[in-house]
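Take this structure, written in structure tokens, and hold onto it; I'll ask about it next.
What follows draws every value from the coordinates through simple rules; no lab data is involved. The structure displayed is predicted, hence computed values, not measured ones. Because the Cβ atoms are built from the backbone with ideal geometry, glycine has one as well, and the counts that use them run over all protein chains shown.
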Amino acid sequence: MEKTKQEDLDFIFSKFSEVVRDKLEGHSDTVNSVDILDPSKSIGKKLNTEQNYLSKQQFHEHGLLLSASADKTMAIWDLRLNKRIMMIQDSSQIVDEIVKAKFMSDSHVICATSNVIGLFDIRKPAIILKKLDLSTLIGEDEVNDIDVNQMDNGVFQVTTCDDLGQVYIHELDLSSEVPGFSLKNTLKSKHTNICFKTKFSKNNPSIVYSAAFDYKLVQWNLKDLSKSSSKSIIDIMKKNFGEDSLHYNPPFIYSMDTYQVRDSEFIVVGLGNGCILRFKKKNLALEEIDADIHRDQISALIIDKVNNILITGSNDLTVGFHRMSDDRLIEQTLLKVEVENKINDMAMNKSFRELYVADLSKTISKFTIRQ
């Protein structure tokens, strides 16, 4: 009789021999973000394998990781060997720490630093890549987050947010002979404080989510901004936990992810007090509160919907692996592993079994669950 997915997970988490820990070393300061290249990402006029170094099959089979650091550099890592194969920097144009970086495809990476977003062409093999190919100013204040959505024919949407509480939507056409950022929207009517997180819906690119230090979660409808909505986290906390819940570890939103169940999309957010909230996309209706998942801020979370696993990373120095169901966000906490420093970001390579954690140290921690 064939095992169900839940039985497979029960076996893995009850019988696994060990959680293997490795470290990727190469940065000289805090690692702020990590991102795994999705092998399905490509652009319309993609160069052939001989001209595009990172499109080689060896990298796509085992994965590539991009890291961004307070040392003002990025690095690309070959996950087959856990070795750095490219360092990316531009000392003349990048003069502050890189807060976030993302793969656009196996041909370009994008990063946010100060009030700038920059683009690097990574197609040619280079131990050190020193030239920023394209950049654009984003307002007058610090950019705090960046997310990317691939559209058709090599066109990408890019969303950023900043200290002014504003969210920006750009388009970038990588198939063009002369790529350039084109500002499409400046979203500034909902937040009244520093905007810390922004993310495209995984299932509907016309929906963008943002969160700020005004305790608001906002859902922006790019097709019709009048249909945008917001939800006050303060009101939810007061109603469910009382006034005192606002004083210790204020419940700002520090992490978010989206997923789909049948015809419904859900947005999941991790709070500064260790709680997790699940909202339904329609009207941002609150569906679930999971309290006391962690004792401190949930700085990163990942939803592996293929395996129905939620991964949470917290400033209480633990990473949690939780079983999900269609009806419950967290049905059971399966495993917690300890880390050495407060977590900045996490990335998952193909499944929950291989997790990369960026924290306040100079290294990236790799956790592999082996049976």
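Can you give me the distance in nm between label points at Ser264 and Gln58, each placed 7 Å from the Cα along the Cα-to-Cβ direction?
Each label point is offset 7 Å from its Cα along the Cβ direction, giving 4.8 nm.
Determine, for Met256, Met87, the number of other Cβ atoms within 10 Å of each Cβ, and report the residues in order from fewest to most. Intermediate results must be reported in sequence, preceding the final value.
Details: Met256 23, Met87 16.
The fewest-first ordering by Cβ neighbours comes to Met87, Met256.
Quick check: from the Cα gyration tensor, does segment 67-163 come out rounded (a/c under 1.5), prolate or oblate?
Working: a/c = 1.74, a/b = 1.24, b/c = 1.41.
Oblate, since a/c reaches 1.5 and b/c is not below a/b.
Further question: Kindly give the semi-axes, whole Å and largest first, of the ellipsoid equivalent to the chain, taking each as the square root of 5 times a Cα gyration tensor eigenvalue.
Working: eigenvalues 180, 138, 79 Å².
So the equivalent ellipsoid measures 30, 26, 20 Å along its semi-axes.
Next up: If I take R0 = 41 Å and measure r between the Cβ atoms of Asp22 and Ser226 in this structure, what FRET efficiency does the formula 1/(1 + (r/R0)^6) give, to the nearest 0.05? Could the numbers behind the result be given before it?
Numbers: r = 50 Å, r/R0 = 1.21.
Given R0 = 41 Å and the Cβ-Cβ separation, E is 0.25.
Further question on the same structure: With a/c under 1.5 counting as rounded, go ahead and sort segment 205-273 into rounded, prolate or oblate using the C-alpha gyration tensor (a ≥ b ≥ c being the square roots of the eigenvalues; past the cut-off, prolate if a/b is larger than b/c, else oblate).
The shape class here is prolate.
So which cysteines in the chain don't have a second cysteine's C-beta under 4.7 Å from them?
Result for the chain is Cys111, Cys275, no neighbouring Cys Cβ within the cutoff.
Return the long-range amide H neighbours of Asp345 (sequence gap of 5 or more, or a different chain), with a cut-off of under 5 Å between placed amide H atoms.
Residues meeting the amide H criterion: Ala358.
If you average the sequence gap of Cα pairs under 8 Å that are 6 or more apart and divide by the length of segment 288-366, what percent do you get for the contact order? Could the numbers behind the result be given before it?
Values: 162 pairs, mean separation 17.8, N = 79.
After rounding, I find 23 percent.
Could you work out the relative contact order of segment 63-181, using alpha carbon pairs under 8 angstrom and six or more residues apart, expressed as a whole percent?
17
Something else now. Quick one: what are the phi-derived ³J(HN,Hα) couplings along segment 75-85, Karplus 6.51/-1.76/1.60 with θ = phi - 60°, whole Hz, x for glycine and proline?
For segment 75-85, the Karplus-derived couplings read 9, 10, 10, 7, 6, 5, 10, 6, 10, 6, 10 Hz, x marking Gly and Pro.
Amide H neighbours of Thr318 under 5 Å, counting only residues 5+ apart in sequence or on other chains, H built in-plane at 1.01 Å?
Val339
Can you tell me which aspartates and glutamates have their Cα less than 12 Å from the Cα of Lys131? Leave out same-chain residues fewer than eight positions away.
Reachable aspartates and glutamates: Asp90, Asp121.
OK, next. Could you give each residue of segment 287-300 its phi-based ³J(HN,Hα) in whole Hz, using Karplus coefficients 6.51, -1.76, 1.60 with θ = phi - 60°, and x for Gly or Pro?
9, 6, 10, 10, 8, 6, 5, 9, 8, 8, 3, 8, 7, 8
Related question: Taking H placed 1.01 Å from N in the peptide plane, check which residues at least 5 places from Ala300 or on another chain put their amide H under 5 Å from its amide H.
Residues meeting the criterion, in which the H sits 1.01 Å from N, are Gly313.
Next up: What percent does the relative contact order of segment 220-307 come to when contacts are Cα pairs within less than 8 Å and at least six residues apart?
23
Which of Lys56/Lys305; Lys280/Lys342; Lys72/Lys124; Lys305/Lys336 have a Cα-Cα distance over 24 Å?
Values: Lys56/Lys305 28 Å; Lys280/Lys342 30 Å; Lys72/Lys124 21 Å; Lys305/Lys336 19 Å.
Too far apart for the 24 Å limit: Lys56/Lys305; Lys280/Lys342.
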